[in-house]
Structures are given as structure tokens and as C-alpha cells.
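This report concerns only the one structure given below.
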Amino acid sequence: MRGEPSCPKCGGRVRAPGLFADSWQCDVHGTVHPLQPVVPPSVEALEVVVHRARVPVWMPWPLPIGWLFTGVAQAGDDRTGARATAVACSGPGPLGGMGELLLVAEELGVGLGARYAGIDGPDPGPSMRVDRPPAVKVCAGGRPTPLWHVEGSPDDRAVFAGEARGLWLWAIVWPEQSGLLMYDELVLTDLRDAGAEVELVPCGALSPRILS
């Protein structure tokens, strides 16, 4: 498991602010919000990210039957706060087997969602087919939120993206056929608004998806 911050766009090493730059730097992508090391899922780890987040920390709540919280990631530092968050959940897929869902909230240009989606980033751009009706709708923070299919991702996943609270919202589902989960009109809660309910989140084993 990585023990130091990395680039949210490529996973490469980053340089901390110093004499010649007042921000984190990636040799490939320049100034970035560093992706912090991922720790095993726990209520405590989730509360740390919730406390630092400047963007929503989205989670289906209540979780679908049999699903567990399986990881959380954040991009940002102590000075800026988390400018992108990713929450992983795992459970029974709609067609059998295990399904995995990764929800990413991020500011424009951070690039974490595109990395997990497996597409060229940093944002959905023309890969998000807004010329067509939205593929699915979720309820995010009490508001109906359309998400469009994002093309060009690897065949092993289904990727949807849209806007919630003025920020990018990505939903990435493995395997691809488990994308049917998104058609159930999921209710997403920003855990910054959940208060003590965060302590009730059931935790599972760390998802390898959030480490990729």
C-alpha cells in the first residue's frame, strides 16, 4: 500500500511545496492536488476525510442490501483541504457475483475521476455524451441529478458522470454489467451532512479499485 502522496491523475510521485513552488508538483502534470495514501476502511478513516473535505463525500445511504463501505480516498493537503473525494462500496451485483461502486466528487481539473474511469482526463469532456438524454438519474443531496454515460472507458467497467452541487460527480461500476445498479435511482448522501449516522456505516475489506 502506498505510504506517500501521489499524483491524482497518473499515480506518479509528487514533490511537496518548497523553495521553488508553493504547490505540489508532478513531473508529468505540473501542479496537482496530491492523492493522500489510502488506509483500510473504517469509520475513523471516513470521518477524517469528511472533516477535511471541501467537496461532497458521496455514499449511497442507506446502502443497498448486503453492500459495505470498502474504502475512501482524498486529493488535497492540509492547506487546501480535500478537493476530490472517492468512496468505494462493494456488494452483491444485480446479475449475481460481486459488484463494486466508486463515487467521486471533485473540482474541475483535479483528474481523480478520470483516472478511476480509465479515460484521458482530467474531466469527462467530450466523452460524456450530453448530446443524448442522461443514462441514469440519482438523488444527490436531495436533488434529482442526471448522469450521462462516459464513453471510452475499459470494457470491465461502466462509467457515468454529471454535476452535483456545482462539482463533478462520477459513478464508476465494476463489472460493466453491474452498471444496472445505477438504474435503481440511488439515493446519495453527502456524509458531511450525515452527522452521527457516519458511525453506522458498515465496513468491509479494502477494495483494490480505490488503489488503482
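The values are calculated or read from the model by the stated rules, or taken from the named source; none is laboratory data. Please read these numbers as outputs of a predicted model, since none were measured by experiment. Cβ sites come from the backbone with ideal geometry, for glycine too, and all protein chains shown count toward neighbours. Please note that ligands, DNA and RNA were not included when accessible areas were found on the heavy atoms of the full protein model with its side chains. Shrake-Rupley method; radii C 1.70, N 1.55, O 1.52, S 1.80 Å.
A few remarks follow.
- Here region 97-212 is treated as a sphere whose radius is the Kirkwood value from Cα pairs; by Stokes-Einstein at 37 °C and 0.692 mPa s it diffuses with a coefficient of 223 µm²/s.
- In degrees, nearest ten, helix 43-52 long axis to first principal axis of the chain (Cα): 60
- Length gained when the stretch residue 79-residue 42 is fully extended (0.36 nm per residue, less Cα-Cα span): 10.9 nm
- Cα shape, region 160-201, gyration tensor, a/c 1.5 rule: oblate
- A 1.4 Å probe run over region 129-169, with the rest of the protein chains in place, finds 53 Å² accessible per residue.
- Value of D in µm² per second that Stokes-Einstein yields for region 1-46, Kirkwood Rh from Cα pairs, at 4 °C (1.567 mPa s): 113
- Taking the DSSP beta bridges with both ends in region 1-120, the antiparallel portion is around 95 percent.
- Carbon plus sulfur fraction of accessible area for region 91-212, probe 1.4 Å, in percent: 54
- Cβ-Cβ FRET estimate between residue 137 and residue 31, R0 fixed at 35 Å, reported to 0.05: 0.50
- Gyration tensor (alpha-carbon) shape descriptor, region 25-68, a/c threshold 1.5: prolate
- Charge tally for residue 116 (other residues, Cβ to Cβ under 10 Å; Lys, Arg +1; Asp, Glu -1): +3.
- Euclidean distance between Cα centres, region 181-212 to region 67-82, Å: 12
- If you wrap the Cα atoms of the chain in a convex hull and average its projected area over all directions, you get 11.2 nm².
- Among 31-38, 161-168, 141-148, sorting by the average number of other beta carbon atoms lying within 10 angstrom of each residue, highest first, gives 31-38, 161-168, 141-148.
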